[in-house]
Amino acid sequence: MERCDQESGLKQVDIPDYIEYLPVKECNKCQASLLDSEPVKYIERQVFEPGRPGEFEVTAHRAEVKICTCGCRNQAEFPEGVTAAAQYGSATQAMAVYLNQYHFLPFKRVSEYFNTLYKMSVSAGTVANFVARTYENLASTEEVIRDALRESSVAGADETGMRAEGSLHWLHVMRDEQWTLYYLSEKRGREAMDTMGILLTFAGVLVHDHWKSYFAYAATHVLCNAHHLRELLGVVDRDSNQLALRLMKLLRLSWHYCKGFKTIGMLQMPSVVCERIEKIYDRLLQRALMKEVVYMEKQREELKRKKVKNTKAYNLFKRLTEFKAETLRFMSDFTIPFDNNGSERDVRMAKLKQKISGCFRSADGGSMFARIRSYLSSARKQGMDIYQSLHRAVRNYCNMPLLSAE
Ligand SMILES: [Zn+2]
């Protein structure tokens with residue numbers, strides 16, 4: 001009998017902790033009852049899982065083999081996923097993937113964890129195999145997430161630099177309240193976003209931080225006001241510009257109003273309030289721009305030049321004027337957020353990953369990470385348990401529509 005698994009090098013134990021007998025009740029061929037006939041032998045497969053700290057547990061699945069009077073050899077079926085003479089179970093796999101992908105523990109350390117805590121000799125290579133299999137199992141789930149985001153009415157986008165294979169890559173994120181999709185690319189910009197495969201057909205509201213590649217897409221654009229507030233604060237600090245301070249207050253107050261109106265069940269700001277806010281917004285920006293123009297003109301004369309560089313404040317005020325609709329859109333529809341903080345939150349874990357376990361040694365590792373984390377982030381947003389979600393993923397039981405329906 002085969003007692004050892006080729007892939008993991010795991011060997012069967014002589015005395016398992018649990019034994020599950022898998023009976024043969026009738027003949028597959030002639031359907032005669034075989035309840036009373038004796039098995040000619042058993043075929044055993046063992047599944048290893050973590051037990052109490054310091055020990056592992058082995059469940060032996062013993063499949064009966066019975067010969068029918070018609071000559072047919074009948075063997076009981078093993079449970080799904082029990083395929084080798086000796087193998088690690090789904091809990092081991094889910095734990096390994098959880099530690100590696102969610103807590104950024106490198107393969108070798110995950111191996112050490114199982115060794116120390118459960119006396120299980122799960123090698124680093126075996127952990128890598130678990131992750132790769134989970135990645136493959138989630139291929140269709142990734143498509144479900146992509147489709148859902150294409151149809152999303154309000155989604156955010158962001159990106160952050162990540163090192164993979166020794167060079168700078170970009171982790172792009174598209175997300176809404178239910179779904180997250182990460183995508184790792186060597187490129188930052190249109191090429192990457194096109195291959196990410198959402199924005200080309202996206203017709204909803206797209207929240208971003210004014211990076212110009214996003215404007216290439218025919219979405220309804222919304223600009224992150226957390227960025228605007230930060231930039232305005234910079235102007236206040238640098239130039240003690242009171243108009244910038246008043247603009248900050250106006251933006252904050254408008255958002256405060258929106259939240260208030262939302263709690264009483266309204267879907268958008270009353271138009272009289274909108275008009276009033278817009279009027280103040282226009283006036284403040286006009287005055288702020290004028291002040292910068294006067295300042296730049298004075299500088300030009302002092303320096304006796306034909307032209308001076310626009311001040312940072314001027315550029316900001318100009319932008320807020322030109323992109324007024326994109327800045328204030330949150331007032332016209334309360335499903336639109338004030339800022340892009342959700343996307344920034346979703347992409348921040350990439351920084352944590354780099355801090356803890358460094359860069360990806362291969363681009364494949366990066367793609368696996370992107371897909372598995374897309375699934376975990378979406379599952380969490382939908383109120384799913386992270387470990388249970390991973391457990392389903394390693395058994396290939398999951399996909400998102402099923403999860404949502406549960
Ligand atoms: Zn038979």
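A few notes on this one:
- Pair list, Cβ < 9 Å and 6+ apart or interchain, from the stretch 22-37 residues that are closer than 16 Å to PHE78 by Cα to residues that are assigned to a loop (DSSP other than H, G, I, E, B) and of a type in the set (D, E, K, R): LEU22/GLU77
- Any hit, the stretch 305-313, residues being within 25 Å of HIS221 (Cβ to Cβ) and open to solvent by less than 60 Å² (accessible area, probe 1.4 Å): yes
- Residue within the stretch 76-87 that is open to solvent by 40 Å² or more (accessible area, probe 1.4 Å), within 16 Å of the ligand (Cβ to nearest atom) and more than 18 Å from SER121 (Cβ to Cβ) present: no
- Tally of residues being farther than 19 Å from ILE280 by Cβ and either open to solvent by 50 Å² or more (accessible area, probe 1.4 Å) or not assigned by TED's automatic domain parsing to the domain that holds GLU231 (or both) across the stretch 314-324: 1
- Considering residues of the stretch 54-72 that are part of a loop (DSSP other than H, G, I, E, B) and under 37 Å from the mean Cα position of the chain (by Cα) only, the residue farthest from the ligand (Cβ to nearest atom): GLY54
- Screening the candidates LYS249, LYS262, LYS298, LYS212 for the property of being charged (D, E, K, R), in the same structural domain as ALA155 (by TED's automatic domain parsing) and open to solvent by 20 Å² or more (accessible area, probe 1.4 Å) yields one hit, LYS212.
- Of the residues examined, ARG276 is not one that is touching a residue at least 24 places away in the same chain (Cβ under 8 Å), farther than 25 Å from HIS208 by Cα and surrounded by fewer than 19 Cβ atoms within 10 Å (Cβ to Cβ).
- Restricting the stretch 167-184 to residues that are open to solvent by 50 Å² or more (accessible area, probe 1.4 Å) and in contact (Cβ under 8 Å) with a residue 60 or more places away in the chain, the residue that is nearest to SER362 (Cα to Cα) is TYR183.
- Complete set of residues in the stretch 73-105 that are part of a strand (DSSP E or B) and among the small types (Gly, Ala, Ser): ALA86
- Verdict on VAL13 being of a type in the set (Val, Ile, Thr), assigned to a loop (DSSP other than H, G, I, E, B), surrounded by 12 or more Cβ atoms within 10 Å (Cβ to Cβ) and within 16 Å of the ligand (Cβ to nearest atom): no
- Filter pass, ARG109 being touching a residue at least 40 places away in the same chain (Cβ under 8 Å) and either touching a His at 6+ places or on another chain (Cβ under 7 Å) or open to solvent by 40 Å² or more (accessible area, probe 1.4 Å) (or both): no
- Just one of the listed residues (THR116, THR180, THR141) is among the β-branched types (Val, Ile, Thr), within 30 Å of THR92 (Cα to Cα) and not assigned by TED's automatic domain parsing to the domain that holds ARG392, and it is THR116.
- Any hit, the stretch 40-53, residues being within 16 Å of the ligand (Cβ to nearest atom) and either in the same structural domain as SER389 (by TED's automatic domain parsing) or touching a residue at least 24 places away in the same chain (Cβ under 8 Å) (or both): yes
- Wholly enclosed helices (runs of 4 or more DSSP H) of the stretch 294-406 bearing at least 1 residues in contact with a strand residue (DSSP E or B) (Cβ under 8 Å, 6 or more places away or on another chain): 324-328, 341-357, 363-381
The values are calculated or read from the model by the stated rules, or taken from the named source; none is laboratory data. These numbers were taken from a predicted model, which means no experiment stands behind them. Backbone-built Cβ (ideal geometry, glycine too); neighbour counts: all protein chains shown. The accessibility values were calculated without ligands, DNA or RNA, using every heavy atom of the protein model including side chains. Shrake-Rupley method; radii C 1.70, N 1.55, O 1.52, S 1.80 Å.
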